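Down below is the structure, laid out as structure tokens.
The values are calculated or read from the model by the stated rules, or taken from the named source; none is laboratory data. Being a predicted model, the structure only gives us computed values, none of them experimental. Here the Cβ positions follow ideal geometry from the backbone for every residue, glycine too, while neighbour counts run over all protein chains shown. Only protein heavy atoms, including side chains, enter the accessible area calculation; ligands, DNA and RNA are left aside. Shrake-Rupley method; radii C 1.70, N 1.55, O 1.52, S 1.80 Å.
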Amino acid sequence: QVQLVESGGGLVQAGGSLRLSCAASGRTFSSYGMGWFRQAPGKEREFVCAISGSGGSTKYADSVKGRFTISRDNAKNTVYLQMNSLKPEDTAVYYCAAGFVNPGARSSEYKYWGQGTQVTVSS
């Protein structure tokens, strides 16, 4: 069992930056690939990015490529999402998830989910 707790969300102006963190319980953190997803009001949850268990492989949605960076610190059981050049359309609840060691963009590849953290970008 893995428990995930996100933090770092908040209100930021367009063009600003935020860094989200996701702390995981358990002693086998490096065996899980990690992903970030988001869900805006009235929309389906969408893939944002993912990182392999070792941190050597990353994937990004086209909408965030070049602006967002996913990273992880396996010694701290934590995955991060650095978000730069934020846009109002980035407003959503952001969720971290743990799944296959080298996960992709499908929700079905992730077994454990956090409760989410709200990110609001004002124009």
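Here P103 passes the criteria (1) more than 11 Å from the chain's Cα centre (by Cα); (2) in contact (Cβ under 8 Å) with a residue 60 or more places away in the chain; (3) farther than 27 Å from L11 by Cβ; (4) not in a loop (DSSP other than H, G, I, E, B) except the one numbered (4). Only residues that are assigned to a strand (DSSP E or B), basic (K, R) and open to solvent by 60 Å² or more (accessible area, probe 1.4 Å) were counted across segment 53-93, and they come to 1.
Just need a number here: residues in segment 16-33 that are open to solvent by less than 10 Å² (accessible area, probe 1.4 Å) and over 11 Å from N77 (Cα atoms). Adding up the residues that qualify gives 2.
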